[in-house]
1. Compute a Gaussian network model of the chain, connecting alpha carbons closer than 10 Å, and tell me which residue from Glu66, Glu11, Glu125 fluctuates the most.
2. Determine which residues of segment 37-58 fall in the zone a paramagnetic label at Thr25 would reach in this model, i.e. backbone nitrogen under 15 Å from the point 7 Å along Cα→Cβ.
3. What is the percent of Cα-Cα separations in segment 2-96 that go past 24 Å?
4. For segment 2-96, what is the percent of antiparallel DSSP beta bridges, rounded to the nearest 5?
5. Which of the DSSP-defined H helices in the chain satisfy a minimum axial length of 18 Å, computed from C-alpha atoms, and a minimum mean Kyte-Doolittle hydropathy of -1.0?
6. Divide by every residue of the chain the summed helix terms, -39500 (n - 2.57) for each DSSP H run of at least 4, and state the resulting mean residue ellipticity at 222 nm, rounded to the nearest 500 deg cm²/dmol.
7. By how many nm would the segment from Glu44 to Asp164 lengthen if fully extended, with 0.36 nm per residue of separation less the alpha-carbon distance?
8. Looking at the chain only, what percent of DSSP beta bridges run antiparallel? Nearest 5 please.
Amino acid sequence: MQISVTFRQIEPSEALKNYVTDRLTKFKRYLDGPVEAHVVLGLEKFRHLADVTIDSNGHIIKGREENTDMYAAIDLVMDKIDIQLKKFRDKMRSAKGDRSRSAAPAPAEAEEARDFPALRRQRVEVPALQLDDAVELLQSGKDTLLVFTDVASGNLNILYRRPDGNFVLVEPDLG
């Protein structure tokens, strides 16, 4: 991690520089690849400013805080950066999956998963209807599919409206 500390309107201090460096090196576990951090510590009237910019493989994370104490300003900005880095890490894990903690899928399962597009799951209530009522319900709405339990037989049925306007009744054999 390459860290540069700039002092504005404040006397350069090795203690402040070391404090910032120690705080920033703890974030290295969240970041991959080359990391550049630029910290600007400044003083405007009575306010101490801490401005941090971290660049990790093109992902830029920024934070700025002010306080009456420089160390407090540094702590506050580091807390902000910490929150942003945790969100970024969680976002990256959810985007590519948390492979680090789960077992690798079997090769056959992996091939099957690649063949299918992304699926969206939806839980639906399965009403008990007569076939006439189901057709009427499907005609009145925008839906093209209706899952229902037939009142007469008690079986699960699926009613589907085709693009040409005709209906298809699917009676699955669950036996």
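Every number in this text was worked out from the coordinates using simple rules, so none of it is lab data. Keep in mind it's a predicted model, so treat the numbers as computed, not measured. FYI the Cβ positions are ideal-geometry reconstructions off the backbone, even for glycines, and counts take in every protein chain you see.
1. Among Glu66, Glu11, Glu125, the largest GNM mean-square fluctuation belongs to Glu125.
2. What the label zone holds, given the 15 Å backbone N cut-off, is 37.
3. 20 percent
4. 75 percent
5. 70-96
6. About -11000 deg cm²/dmol.
7. 36.0 nm
8. The antiparallel proportion sits near 75 percent.
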